[in-house]
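The values are calculated or read from the model by the stated rules, or taken from the named source; none is laboratory data. Everything numeric here is computed off the predicted structure, so don't read it as measured data. Note that we place each Cβ from the backbone using ideal geometry, even for glycine, and neighbour counts take in every protein chain shown. Each accessible area value is taken on the protein alone, full model and side chains, heavy atoms only, with ligands, DNA and RNA left out. Shrake-Rupley method; radii C 1.70, N 1.55, O 1.52, S 1.80 Å.
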Amino acid sequence: PIKLYKWLACTIAVVFIVVGVSLVLGLSDKYVVVSKLMSTQSRYDAPNKPNLGGMLGGANSLLGISGGDVNEGRYLQMLQSSSVVERFIKENNLLVVLFASSWDENNKTWIVDEGETPPSLRDGYELFKSPIFTVAKDITTGVIDLSIAWNDLETASKWATDYVKFIN
């Protein structure tokens, strides 16, 4: 019986080692590039015209009242807007990168089955928005993190830099 347990323990250990090594080797590398953004909060909308929201923002944060600057909220919405992301995808020709398995590089055409349509900008937005592109705001510092996750570090870095330039 002891020999049986030894063999069973060794077999289980070998199986776990093989499965673990297979998982590690099978995982693709993902690089995440994070751009830190700060929105500029103007104290004045125009010369000599006080912006009470901006002036009271500091008091609100001291009192623990949430709210923030209206312009900052618009900026966050704009960063994640489907129309902005779709324009970025179109202007940078990212559909062929995002849907590389459906793109014939030699003929410069989409490979689609009968009755199917090539990927649209909306498809590109949906793919880009969920696993690749994220925007998050740290409520304590006000810093906005724009993250791009991709399997190539240079591409992820270029997309993050280009997106920040694009929105500015």
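Brief remarks on what is shown
- Checking each residue in the range 113-167 for being in a helix (DSSP H, G or I) and among the basic types (Lys, Arg) picks out Arg122, Lys129, Lys158, Lys165.
- Filter result for Gly124 (farther than 17 Å from Ala100 by Cβ, open to solvent by less than 20 Å² (accessible area, probe 1.4 Å) and not aliphatic (A, V, I, L, M)): no
- Unique residue being under 20 Å from Asp162 (Cα atoms) and open to solvent by 60 Å² or more (accessible area, probe 1.4 Å) when the list is Glu116, Glu91: Glu91
- Residue list for the range 127-168, restricted to those being surrounded by 15 or more Cβ atoms within 10 Å (Cβ to Cβ) and without any contact (Cβ under 8 Å) to a residue 12 or more places away in the chain: Lys158
- Against the conditions (1) outside any loop (DSSP other than H, G, I, E, B); (2) surrounded by fewer than 17 Cβ atoms within 10 Å (Cβ to Cβ); (3) at pLDDT below 90, Ile65 satisfies every one except (1).
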